[in-house]
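First the structure, which I've put down as C-alpha cells, then a few questions once you've had a look.
The values are calculated or read from the model by the stated rules, or taken from the named source; none is laboratory data. This is a predicted model, so every value here is computed, not measured. All Cβ positions, even for glycine, are placed from backbone atoms using ideal geometry, and neighbour counts span all protein chains on display.
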C-alpha cells in the first residue's frame, strides 16, 4: 500500500495535552505524601510501638519533601515558556516525578514489610495517576515493570538477601517466605492493577479524544470563518476533517448549477490520479444520493460495497472505508464532505456525528465565502463600470475645454465683456467636472484589482520632491509657505510611482487648498522601525472632531470645508486610503478645528530583494 495514504502517520495538527497544570498538582499532592510518611512513622513508632526502620522511613519522607522543593523551583518558569516548549517541558517534569515517586514507593514498601506491607494499595493509586497522565503504552509498561520489581523485592526478602521488616504483628512470622502467599499477593496485585489501569486509561483516552475533537472543531470553525476565499475555506475544511479523525485523506465535492454532478472542490491526502478521475453523478450514484438526502453514510468495506461509482479507483488508492456527510446550506444540500481510511470498519456513528458538526460549520463558512466573492465581484463590476463611464466622459469634456479656451483667447473673434465672464464661469465648471471625472476614474481603478499595478521598489524622496515642486506655484499663489524636510539618504518603499504621486498630490493639495493666506504646510519624512513615516501638516481650517472618522468615505467633505466655498469632490481622501491599503501601509489623521491638520502616512521600506506582486 502507498505510504502516502496511511492512518498510522500522525496528523499535521496533532492534539497535544498541556500537562503544566497536572505537574503543579502532583507537586501539591507530594507535600501531603511526604508529610504523611513522617507522621505515620512517628505514630507507628511512638503510639503503636511497631518496630520500624525509623531512620530509613524518615530519610524517605525527607527525600520526598526535598525533591518536591527542587521541583517547585524548576516548575515556576513554566508559565513563561511558549506553548509547544511549555508542553514538552511539562511532560518531561511529569515523567521525572513519576519515576521519583515510583522509586520512593518501593523504598517505602521495603521498609514497611515488602510483600506484606499495608502500603501495597499505593501501587494501585500510583497506577491510576500514571494512566491519567501518560498516554497509550506507557501505563502498561509501567504496570509490567512494577510487578516485576515487586516480584524481585519479594524474592530478595524471602531469600534473606535483604532484610524483611515486620510491621503487622498479627501476621505469621515467616509469611513473607511462603511461596503460595507470595504468588497469591502478586497475582492479586497484578490482576487488580491491570483492571484499574486499563479502565482508567480507556476512560482517559475517550476524554482526551473528545477534548481533541472539540479543540479541532473550534479550530476549524475559527479558521474557516475568518477566511473569505472559497477555495481556501474548502481546503481548510477538508484538511480539518482529516485531522479531526486522525485519517490522512478527505475531499469536498460541490453540486454544479444543474444539480446533476458533484465536482471536486477540495482534496487533502489524495493522489493526483484519484483527484482527476472525474465528477460524481449526483443522481446516478446510490452512495452520493443517500448522502444528499441529508444523512451521513458509512461504507465499512469499499471492495464489497456496490453503491460506489468509482469503486475500482477507490480501491487502487488504498481506501478501505469511507465516511460521507452532506454539506447543507439554507435548508438544502450544496455538496458532500468525505473522509477516507485505509482500515476497514474505521468509522463509527460518533465519528459521523462529529464530522456532521464540522460540515455544519463548513456550510456556514462556504455560504459566507460565496456571499463575499459575489459582493466583491459586484463591487469590482461597479468600479469597472464607473471607470468605463468616466473614461468615456473625459474625452468630450477635454474637447469642450479646448474649444472654450480657443474662444477665450479670441481666436474665433472678439468677445464682449459679458461673453468673457460667462465663458470664464463655464471654464471653471468644466475644470471642476474634469476633476470629478479624474477622481472617479482614480477611485474606480483603486477598487478594481485587475487595474492595480504590482508593487515595486520606489525611491521615496525623489517622487515626493517632484510632487512638492509641481505644487509650489499653487502654494505661492495663495501665499502659503511650503516646507520639505527629508533625510539626505534616499530609501525605497513598496508602492507604485503613479500611486505615490496621487497620494501626496491629494494630501499636499488639500493642505494648501484649506490653509488661509499666510499659513504654512510642512512635509516631513522620518525613517522608523515600522517603516517610512511621511507627515503633511498644515495650519489650515482643521476638521471637526466628530467628522474625522468619516473622512475616508466616498464623496464626504467636512462641514467647515463646504462652508469655505473651496471646490472639491470629496473623493481625494477615499482614493488615498484605497492606495495606501494597496501598498500595505497605513494612514492616520490628527486635527483641531481652526488650528490645523496633520496626516501621517506609513509605508513599508523595501529592501533591495523586495519586488512584491
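Among the numbered criteria (1) without any contact (Cβ under 8 Å) to a residue 60 or more places away in the chain; (2) farther than 23 Å from residue 38 by Cα, which one does residue 100 miss?
Unmet for residue 100, out of (1) without any contact (Cβ under 8 Å) to a residue 60 or more places away in the chain; (2) farther than 23 Å from residue 38 by Cα: (2).
Do we find that residue 119 is assigned by TED's automatic domain parsing to the domain that holds residue 184, part of a loop (DSSP other than H, G, I, E, B) and surrounded by 13 or more Cβ atoms within 10 Å (Cβ to Cβ) in this structure? Before the answer, list the steps.
Numbers: assigned by TED's automatic domain parsing to the domain that holds residue 184: yes; part of a loop (DSSP other than H, G, I, E, B): yes; surrounded by 13 or more Cβ atoms within 10 Å (Cβ to Cβ): yes.
For residue 119, the condition - assigned by TED's automatic domain parsing to the domain that holds residue 184, part of a loop (DSSP other than H, G, I, E, B) and surrounded by 13 or more Cβ atoms within 10 Å (Cβ to Cβ) - is met.
Among the candidates 292, 270, 262, which residue alone is at pLDDT 85 or above, crowded, with 20+ Cβ neighbours inside 10 Å, over 21 Å from the mean Cα position of the chain (by Cα) and more than 22 Å from residue 316 (Cβ to Cβ)?
Among 292, 270, 262, only 292 is at pLDDT 85 or above, crowded, with 20+ Cβ neighbours inside 10 Å, over 21 Å from the mean Cα position of the chain (by Cα) and more than 22 Å from residue 316 (Cβ to Cβ).
Sticking with this structure for a sec: Go through region 480-496 and count every residue that is surrounded by fewer than 17 Cβ atoms within 10 Å (Cβ to Cβ) and either outside the structural domain of residue 543 (by TED's automatic domain parsing) or without any contact (Cβ under 8 Å) to a residue 40 or more places away in the chain (or both).
The number of residues fulfilling the criteria is 3.
Among what's in region 60-74 and is farther than 15 Å from residue 24 by Cα and surrounded by fewer than 17 Cβ atoms within 10 Å (Cβ to Cβ), pick the residue that is nearest to the chain's Cα centre (by Cα).
Filtering first and then ranking leaves 66.
Considering region 116-163 alone, what residues qualify as being in contact (Cβ under 8 Å) with a residue 60 or more places away in the chain and closer than 23 Å to residue 58 by Cβ?
Those that are in contact (Cβ under 8 Å) with a residue 60 or more places away in the chain and closer than 23 Å to residue 58 by Cβ: 116, 120, 123.
Hey, any hits in region 537-546 for a residue that's in the same structural domain as residue 599 (by TED's automatic domain parsing), in contact (Cβ under 8 Å) with a residue 24 or more places away in the chain, surrounded by 14 or more Cβ atoms within 10 Å (Cβ to Cβ) and outside any loop (DSSP other than H, G, I, E, B)?
Going residue by residue through region 537-546, those that are in the same structural domain as residue 599 (by TED's automatic domain parsing) are 537-546.
Subset that is in contact (Cβ under 8 Å) with a residue 24 or more places away in the chain: 537-545.
The next check asks that each one be surrounded by 14 or more Cβ atoms within 10 Å (Cβ to Cβ); those that pass are 537-544.
This time we only want the ones that are outside any loop (DSSP other than H, G, I, E, B), so: 537-538.
Yes, region 537-546 has at least one match.
Given the residues 45, 49, which is the only one that is at pLDDT 65 or above and at positive phi?
Details: 45 fails: at positive phi.
One residue alone meets the criteria, 49.
Of the residues 168, 208, which is assigned by TED's automatic domain parsing to the domain that holds residue 154, within 25 Å of residue 128 (Cα to Cα), surrounded by fewer than 16 Cβ atoms within 10 Å (Cβ to Cβ) and modelled with pLDDT under 85?
Working: 168 fails: within 25 Å of residue 128 (Cα to Cα).
Result: 208 is the single residue among 168, 208 that is assigned by TED's automatic domain parsing to the domain that holds residue 154, within 25 Å of residue 128 (Cα to Cα), surrounded by fewer than 16 Cβ atoms within 10 Å (Cβ to Cβ) and modelled with pLDDT under 85.
So that you can scan it fast, the table gives a plain yes or no per residue for (1) over 23 Å from residue 122 (Cα atoms); (2) in a helix (DSSP H, G or I); (3) outside the structural domain of residue 130 (by TED's automatic domain parsing):
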site: 41; (1), (2), (3): no, yes, no
site: 48; (1), (2), (3): no, no, no
site: 70; (1), (2), (3): yes, yes, no
site: 84; (1), (2), (3): yes, yes, no
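While we're on this one: Output the number of residues of region 241-254 satisfying the condition of being closer than 18 Å to residue 334 by Cβ and buried (at least 23 other Cβ atoms within 10 Å of the Cβ).
Keep residues of region 241-254 that are closer than 18 Å to residue 334 by Cβ, which gives 241, 250-254.
Next, from what is left, pick out any that are buried (at least 23 other Cβ atoms within 10 Å of the Cβ): 241, 250-253.
Matching residues across region 241-254 total 5.
I'd like the residue in region 1-26 that is crowded, with 17+ Cβ neighbours inside 10 Å and at pLDDT 80 or above and, out of all such residues, is farthest from residue 130 (Cα to Cα).
Of everything passing the filter in region 1-26, 24 is farthest from residue 130 (Cα to Cα).
If a residue has to be assigned to a helix (DSSP H, G or I), within 19 Å of residue 538 (Cβ to Cβ), in contact (Cβ under 8 Å) with a residue 12 or more places away in the chain and out of contact with any helix residue (DSSP H, G or I) (no Cβ under 8 Å at 6 or more places or on another chain) to count, how many in region 454-479 make the cut?
Within region 454-479, the first condition is being assigned to a helix (DSSP H, G or I), and the residues that meet it are 460-477.
Now narrow it down to the ones that are within 19 Å of residue 538 (Cβ to Cβ): 464-465, 467-477.
Among the residues that remain, those that are also in contact (Cβ under 8 Å) with a residue 12 or more places away in the chain are: 464-465, 467-468, 470-471, 474-475.
Filter once more, keeping what is out of contact with any helix residue (DSSP H, G or I) (no Cβ under 8 Å at 6 or more places or on another chain): 465.
Residues meeting the conditions: 1.
If you scan region 75-90, which residues turn out to be under 25 Å from the mean Cα position of the chain (by Cα) and surrounded by 17 or more Cβ atoms within 10 Å (Cβ to Cβ)?
Start the filter on region 75-90 by keeping residues that are under 25 Å from the mean Cα position of the chain (by Cα), which leaves 78-90.
Residues satisfying the conditions are 78, 86, 87, 89, 90.
Quick one: is residue 518 in the same structural domain as residue 588 (by TED's automatic domain parsing) and assigned to a loop (DSSP other than H, G, I, E, B)? Let's see the steps before the verdict.
Numbers: in the same structural domain as residue 588 (by TED's automatic domain parsing): yes; assigned to a loop (DSSP other than H, G, I, E, B): yes.
Yes.
Could you please find all residues in region 583-604 being outside any strand (DSSP E or B) and over 26 Å from residue 518 (Cβ atoms)?
Those that are outside any strand (DSSP E or B) and over 26 Å from residue 518 (Cβ atoms): 583, 584, 585, 604.
From the list 233, 224, 214, pick out the single residue that is closer than 15 Å to residue 358 by Cβ, in a helix (DSSP H, G or I), at pLDDT below 80 and in the same structural domain as residue 324 (by TED's automatic domain parsing). Quick ask: steps written out before the conclusion?
Values: 224 fails: in the same structural domain as residue 324 (by TED's automatic domain parsing); 214 fails: in the same structural domain as residue 324 (by TED's automatic domain parsing).
Of 233, 224, 214, the one residue that is closer than 15 Å to residue 358 by Cβ, in a helix (DSSP H, G or I), at pLDDT below 80 and in the same structural domain as residue 324 (by TED's automatic domain parsing) is 233.
Tell me, yes or no, whether region 180-188 has at least one residue that is over 30 Å from residue 204 (Cβ atoms), surrounded by 16 or more Cβ atoms within 10 Å (Cβ to Cβ) and touching a residue at least 24 places away in the same chain (Cβ under 8 Å).
Yes, the conditions are met somewhere in region 180-188.
Let me ask another. Kindly indicate whether any position in region 559-577 is surrounded by fewer than 21 Cβ atoms within 10 Å (Cβ to Cβ), touching a residue at least 24 places away in the same chain (Cβ under 8 Å) and in contact with a strand residue (DSSP E or B) (Cβ under 8 Å, 6 or more places away or on another chain).
Within region 559-577 (the criterion being surrounded by fewer than 21 Cβ atoms within 10 Å (Cβ to Cβ), touching a residue at least 24 places away in the same chain (Cβ under 8 Å) and in contact with a strand residue (DSSP E or B) (Cβ under 8 Å, 6 or more places away or on another chain)), the answer is yes, since at least one residue qualifies.
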